[in-house]
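One structure below.
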Amino acid sequence: MTFMRDPRNVMLCVEQAGMHANTLQKRCGDAATMSTLGKCRQIDPKTILVRTKLDKYYTDLTKENVNQWVDGFGDLPENLVRFALTLPWWQDGEICPAESFVKMRDEFNAKDQAEMRDRQLKPEYMQTIGFHAFGVFMEKKIEHMFADAINPVLDKLRELKTKYTSKEQSLQTEYEETDPHRILSTTRECGISFASALRSVMEGIPNLSTGRMTLEKELKEFHEYHKKLGSDHFQMLPSEDFMGLDDYIDYLQNDIQIGASDAEVNGGAQFRRVMAEVEIFLRFSEIAVETKKRDVIQARGVSMSSLTWRDVVVKLLSNEAHLPLQRRVQYVGERIKWFFQIQKDSVIDFMSSLEGNPSEKMYSSLLPKNVKLIKQNEMIKHLVFSTYDQACQRQLNQFIELFDNMLTSTFANPWVFLKGATYTGYEDRIPKEIQSRSSIESKLSEWLLGIPTDSHQIDEAVDKVQMLVLKTYSFIRSQVCDQARELYGFI
């Protein structure tokens, strides 16, 4: 069916002419109602009708009906190209010599022309009678069809030539660049080009569509990824108050209204959105359990040296707040690592799009060259991608190690950590930090001195210790969030 429906092809419908002497008016319209012709025209409206065995109906045709018969008595479509002719034939049992077949065809053609001319067939209809008329028409038809088809064929050939010339050049470059003596340096160049393209993608490429996703799709794919890995070393949701991931996504989109949550973005725009989401996630961190009277009394204990309420607060923070914050910091690292890992396709697409692009001159000429090597050579692609993944994992490990050390030192002595931080010049920074340190220490000392030490006032002491633990932890949490944001603000 596909071949017959192709506009470049034309269908021939060959049917025996239908008319009998005794039923002239009844059968004269048979050509219009032939089932084969109807089916052919449904598939190809350009179908050409060829009615054969014209010599059988010489006696039925007269001067009065010959023109109407050729025209199908008005039943044939006006735009239908039709021919009537007699093909060479011989009696059963006879053998037609091959050399006389063409002669017989010409004789039958001449007889068809003569018979129809004797019946005064109109000149315009005479052009449709006989094999010669059919042959001349088909020669011109094929010539026109070929002329119409030659330009698309030439365009296709030019396209194939350009395609395979480019492929030949790519293969030649790959052959030269993957020489055993140069493969190491070639792979390094491809890695350098990949890293350079990653920086451009992070800066933002307007027409880069590969890897774009909404916040909802991003979070669902992240959760699905770690679900398959069976990850349980960090919290997947910021709080137990959320019924599930959909509840968390709804909170981000409708309550917080995080920027560009419903926009499909990639690269740097997506990274900004990731950082906004992980900051919200991190700020959800709370002390795991409510500090009870028993915990405060137990933490105070007794010591050979002086044991103050300051030490009690440190013990409670270290015991109840360190792990929740640590697990959320792990989530931040995993989210950022996963973000960079899914940018590989976007980077490759960006590098590929540069060839022939007006902006090609704005970037290194090695980008379109090396991306072909990455796409065509599986070994180079594997080495570049695996090295990139290893770099992402290494950065995650360093990020986690840095914050683990910071949290350990913070909860060991939170009072040193509770100092304001500034980023101005040292002339302004040093006096402000000294002043901030003294003011915070004075405030803490005031809070600690306000906690009663008498046994009969233990209930009041517990309330004030709880208040101090929560305030201290909230400050630590804010500082950690700010430092995480600042750390990745330089990427």
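The values are calculated or read from the model by the stated rules, or taken from the named source; none is laboratory data. Worth saying up front: this structure is predicted, and the values here are computed from it rather than measured. Please note: Cβ atoms are built from the backbone with ideal geometry, for glycine as well, and neighbour counts cover all protein chains shown.
Here is how the numbers come out for the structure above:
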| read-out | value |
| --- | --- |
| Residue check, ILE95 modelled with pLDDT under 80 and either among the β-branched types (Val, Ile, Thr) or not assigned by TED's automatic domain parsing to the domain that holds HIS132 (or both) | yes |
| Unmet requirement for ARG117, which otherwise passes all of (1) within 60 Å of the chain's Cα centre (by Cα); (2) under 29 Å from LEU76 (Cα atoms) | (1) |
| Flag for GLN169 being at pLDDT below 90 and within 26 Å of LYS344 (Cα to Cα) | yes |
| Near pairs, Cβ below 9 angstrom, 6+ apart or cross-chain, from region 227-251 (in a loop (DSSP other than H, G, I, E, B)) to any residue that is modelled with pLDDT under 90 and of a type in the set (D, E, K, R) | HIS233/ARG327; PHE234/ARG327; PHE234/ARG328; GLN235/ARG327; GLN235/ARG328; PRO238/ARG283; PRO238/ARG328; SER239/GLU286 |
| So VAL314, is it crowded, with 18+ Cβ neighbours inside 10 Å and at pLDDT below 80 | yes |
| Failed item, numbered, when PRO180 is tested on (1) at pLDDT below 85; (2) surrounded by 10 or more Cβ atoms within 10 Å (Cβ to Cβ) | (2) |
| Selection from region 355-369 of residues that are surrounded by 14 or more Cβ atoms within 10 Å (Cβ to Cβ), under 16 Å from SER200 (Cα atoms), at pLDDT 85 or above and more than 22 Å from the chain's Cα centre (by Cα) | TYR363, SER364, LEU366 |
| Pair list, Cβ < 8 Å and 6+ apart or interchain, from region 388-412 residues that are within 19 Å of ARG328 (Cβ to Cβ) to residues that are outside any helix (DSSP H, G or I) | PHE411/ALA321 |
| Single residue of ALA299, ALA263, ALA276 found to be in a helix (DSSP H, G or I), small (Gly, Ala, Ser) and at pLDDT 85 or above | ALA276 |
| Count - residues of region 35-47 that are aliphatic (A, V, I, L, M) and surrounded by fewer than 17 Cβ atoms within 10 Å (Cβ to Cβ) | 1 |
| Unique match (being over 20 Å from SER170 (Cα atoms), of a type in the set (D, E, K, R) and modelled with pLDDT under 80) among ARG394, ARG429 | ARG429 |
| Residue within region 69-81 that is of a type in the set (S, T, N, Q) and surrounded by fewer than 17 Cβ atoms within 10 Å (Cβ to Cβ) present | yes |
| Selected residue [in contact (Cβ under 8 Å) with a residue 60 or more places away in the chain and either over 21 Å from VAL274 (Cβ atoms) or not assigned by TED's automatic domain parsing to the domain that holds GLY267 (or both)] from GLU189, GLU159, GLU168 | GLU189 |
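For (1) charged (D, E, K, R); (2) modelled with pLDDT of 85 or more; (3) under 14 Å from PHE73 (Cβ atoms), each residue gets a yes or a no:
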site: VAL14; (1), (2), (3): no, yes, no
site: ALA17; (1), (2), (3): no, no, yes
site: HIS20; (1), (2), (3): no, no, no
site: THR23; (1), (2), (3): no, no, yes
site: GLY29; (1), (2), (3): no, no, yes
site: THR33; (1), (2), (3): no, no, yes
site: ASP44; (1), (2), (3): yes, no, no
site: ARG51; (1), (2), (3): yes, yes, yes
site: LYS56; (1), (2), (3): yes, yes, no
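Yes/no matrix, rows are residues, columns are (1) under 18 Å from CYS13 (Cβ atoms); (2) in contact with a strand residue (DSSP E or B) (Cβ under 7 Å, 6 or more places away or on another chain); (3) surrounded by fewer than 17 Cβ atoms within 10 Å (Cβ to Cβ):
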residue: LEU49; (1), (2), (3): yes, yes, no
residue: LEU54; (1), (2), (3): yes, yes, no
residue: THR59; (1), (2), (3): no, no, yes
residue: THR62; (1), (2), (3): no, no, yes
residue: LEU87; (1), (2), (3): yes, yes, yes
residue: GLN91; (1), (2), (3): no, no, yes
residue: ILE95; (1), (2), (3): no, no, yes
